[in-house]
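The values are calculated or read from the model by the stated rules, or taken from the named source; none is laboratory data. Given the structure is predicted, the values throughout are model-derived calculations rather than measurements. Cβ placement follows ideal geometry from the backbone for every residue including glycine, while neighbour counts extend to all protein chains displayed.
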């Protein structure tokens, strides 16, 4: 992979992600499946799902690589996209690996992610991480990402009286 652009802010994450999914020509019945750490990755998954809510796809969050815990992401009026009831059988057209899985304390090893991906060999593969997490964990060499967003949350300024 080679760097295609440098963007900033939340739109710099969401616009390229939406463009990527739109460019795949997804149709009704296709699934976009996000795998990530519950709590840590969930808000970012909700944000990505909200940005792509108009696409004719079913969006699903899988905690870690535990398919039995898969949840549909559904729109909630005046709130955004939220995990809802259990998802039907997974048949992802796109798998989005979230960077929280590459953190040391995630409890998920890269081999488990690769085994998950092997179950869906025809799925497109994207990654979304912050602070070069995939690179730091050595996942860029192991996980065959076709598209990746690596965003920075730096600096973080905290103000107080």
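Here are some notes:
- Of all residues in segment 17-37, those that are crowded, with 16+ Cβ neighbours inside 10 Å and in contact with a strand residue (DSSP E or B) (Cβ under 9 Å, 6 or more places away or on another chain) total 13.
- Filter result for residue 10 (under 20 Å from residue 116 (Cβ atoms) and either touching a helix residue (DSSP H, G or I) at 6+ places or on another chain (Cβ under 8 Å) or crowded, with 17+ Cβ neighbours inside 10 Å (or both)): no
- Residue in segment 49-63 that is within 14 Å of residue 149 (Cβ to Cβ) and buried (at least 16 other Cβ atoms within 10 Å of the Cβ) present: yes
- The set of residues from segment 71-113 being within 26 Å of residue 140 (Cβ to Cβ) and assigned to a loop (DSSP other than H, G, I, E, B) comprises 90, 92, 93, 103, 107, 108, 109.
- Taken together, the residues in segment 110-122 that are over 15 Å from residue 62 (Cα atoms) and surrounded by 15 or more Cβ atoms within 10 Å (Cβ to Cβ) amount to 1.
- Residue check for residue 69: surrounded by fewer than 18 Cβ atoms within 10 Å (Cβ to Cβ) and on the phi > 0 side of the Ramachandran plot: no
- Restricting attention to segment 145-161, the residues that are under 15 Å from the mean Cα position of the chain (by Cα) and either part of a loop (DSSP other than H, G, I, E, B) or within 21 Å of residue 105 (Cα to Cα) (or both) total 4.
- Close pairs (6 angstrom Cβ cut-off, 6 or more residues apart or separate chains): at positive phi and modelled with pLDDT under 95 in segment 134-161, part of a loop (DSSP other than H, G, I, E, B) and buried (at least 18 other Cβ atoms within 10 Å of the Cβ) anywhere: none
- Tallying residues that are buried (at least 18 other Cβ atoms within 10 Å of the Cβ) and assigned to a loop (DSSP other than H, G, I, E, B) within segment 124-144 yields 4.
- Of all residues in segment 121-133, exactly one satisfies the criterion of being touching a residue at least 60 places away in the same chain (Cβ under 8 Å) and under 18 Å from residue 66 (Cα atoms), namely 123.
- Scanning segment 13-41 for residues that are in a helix (DSSP H, G or I) and either out of contact with any helix residue (DSSP H, G or I) (no Cβ under 9 Å at 6 or more places or on another chain) or touching a residue at least 60 places away in the same chain (Cβ under 8 Å) (or both) gives 13, 16, 17, 19, 20, 21, 22, 23.
- Within segment 118-131, the residues that satisfy the criterion of being out of contact with any strand residue (DSSP E or B) (no Cβ under 6 Å at 6 or more places or on another chain) and more than 21 Å from residue 23 (Cα to Cα) are 118, 119, 131.
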